[in-house]
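Novice: Sending over a structure as structure tokens; questions will come in a sec.
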Amino acid sequence: MLDLGCGYGRSAKLLKEVCKSYVIGVDVDFEKLCSGRDTLSDLGGLDFICADAASLPLRDSSIDSVTAVLTLHEVGEAVIDRVLEEVRRVLSPNGNFLVIDKALITFGTPAEELTIMTELAYHKALEYVQRIRAWGVREVDKIIKKIVSKNFRAISSEIVVARAWISSKEFLASWGKDTVRLAQMIRCEAKRRELQELIHKIKNTARKHGYGPVKVLVAVFQKQENLQANNGLS
């Protein structure tokens, strides 16, 4: 099993425990992988590879299943197609691809909407400072359509609560360090002001309403062996 964009390895550890399977965690951030490896060094059957998801150092059809947990919305817009093509390449025939990610849905409260506003702020900061444009958070149908277009068959999809509501105090104590740091580096005054206003809105919303719950799309896809994509759910 391959865990794409595993970061510190928490999702890879959970997959190993739940699925009782050998898991390879892949991430491009070497420091995160080293930290995860040190923390999880006592676990057998769990390895890490530092690699770009758009160029996986794995053989064709060598992996039974691939997971992407809160990963796809962080992938660069310019390489999302290559990443999905790499997932398909390394999957064995009829292998499964599990996607768990934030999506644009109808939000019932300002606290729920905040879960997407924070992603928007961070992605704007990356784009304005490092010229990195993420694929970003998309509507459910657009996520499914993109993956299916790369010769996957959609098996199932649903929206689930991944994290409960948290208080404004807890949220404000943990969120925004990277976003604020990047905002201070923006040279264009108009763009810097735009992002600072969004950060201000996020903090005010959190003070009034808290944050969450976080709702995510959970979707399962299967690698198709034919050359034509199936554009609908089974």
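The values are calculated or read from the model by the stated rules, or taken from the named source; none is laboratory data. Predicted, not measured: the structure shown is a model, and the values here were computed from it. In this analysis, Cβ positions are derived from the backbone assuming ideal geometry, glycine residues included, and neighbour counts consider all displayed protein chains. Surface accessibility is based on the protein's heavy atoms, side chains included, excluding ligands, DNA and RNA. Shrake-Rupley method; radii C 1.70, N 1.55, O 1.52, S 1.80 Å.
Novice: Give me the distance in nm between label points sitting 7 Å out from Cα along the Cα-to-Cβ direction at residue 59 and residue 145, one decimal.
Specialist: 3.8
Novice: Report, in degrees rounded to the nearest 10, the 0 to 90 angle that the Cα long axis of helix 80-90 makes with the longest principal axis of the chain.
Specialist: Result, in degrees: 30.
Novice: For the range 1-126, what are Rg and Dmax over the alpha carbons, in angstrom?
Specialist: That works out to 15.4, 46 Å for Rg and Dmax.
Novice: Still on this structure, I have one more. Let me know the shape class of the range 109-209, please: from the alpha-carbon gyration tensor, a ≥ b ≥ c as square roots of the eigenvalues, rounded when a/c is under 1.5, otherwise prolate if a/b is greater than b/c, or oblate.
Specialist: Oblate.
Novice: Once the Cα atoms of helix 189-209 and of the chain are each reduced to a long axis, what angle between those two axes, in degrees from 0 to 90 to the nearest 10, is obtained?
Specialist: For 189-209 against the chain, the angle is about 90 degrees.
Novice: Suppose each label sits 7 Å from its Cα in the direction of the beta carbon; what would the residue 105-residue 181 distance come out to in nanometres?
Specialist: 3.2
Novice: Between the helical axis of 10-19 and the dominant principal axis of the chain, each derived from Cα atoms, what acute angle in degrees is found, rounded to the nearest 10?
Specialist: Relative to the chain, helix 10-19 is tipped by roughly 40 degrees.
Novice: Which of the listed residues, 130, 117, 99, is farthest toward the dipole's positive end in the chain, when Lys, Arg count +1 and Asp, Glu count -1 at the beta-carbon?
Specialist: 117
Novice: Pairs of alpha-carbon atoms within less than 8 angstrom and 6+ residues apart define the contacts here; what relative contact order does the range 73-218 have, in percent?
Specialist: This gives 40 percent for the range 73-218.
Novice: In addition: Roughly how far apart, in whole Å, are the Cα centres of the range 1-78 and the range 200-216?
Specialist: A separation of 30 Å, based on Cα centres.
Novice: Report the FRET efficiency, 1/(1 + (r/R0)^6), for residue 21 and residue 190, where r is their Cβ-Cβ distance and R0 is 41 Å, rounded to 0.05.
Specialist: Computed FRET efficiency for residue 21 and residue 190 comes out at 0.25.
Novice: Now for a separate question. What does the highest-first list of 199-211, 174-186 look like by mean Cβ count within 10 Å?
Specialist: 199-211, 174-186
Novice: Which value, in Å², gives the accessible area per residue of the range 31-168 when a 1.4 Å probe is used on the protein heavy atoms?
Specialist: About 50 Å² of surface per residue is accessible.
Novice: Name the residues whose placed amide hydrogens come within less than 5 Å of the amide hydrogen of residue 132, ignoring near sequence neighbours (fewer than 5 apart) on the same chain.
Specialist: Amide H neighbours of residue 132: 127.
Novice: Ok, one more. Express the carbon and sulfur contribution to the solvent-accessible surface of the chain as a percent, rounded to the nearest whole number, probe 1.4 angstrom.
Specialist: 50
Novice: For n ≥ 4 DSSP H runs only, could you compute -39500 (n - 2.57) per run for the chain, divide by its residues and tell me the 222 nm figure to the nearest 500?
Specialist: -12500 deg cm²/dmol
Novice: Can you quote the Å³ per residue value for the convex hull of the Cα atoms in the range 107-167, rounded to an integer?
Specialist: Once divided by residue count, the hull of the range 107-167 is 116 Å³.
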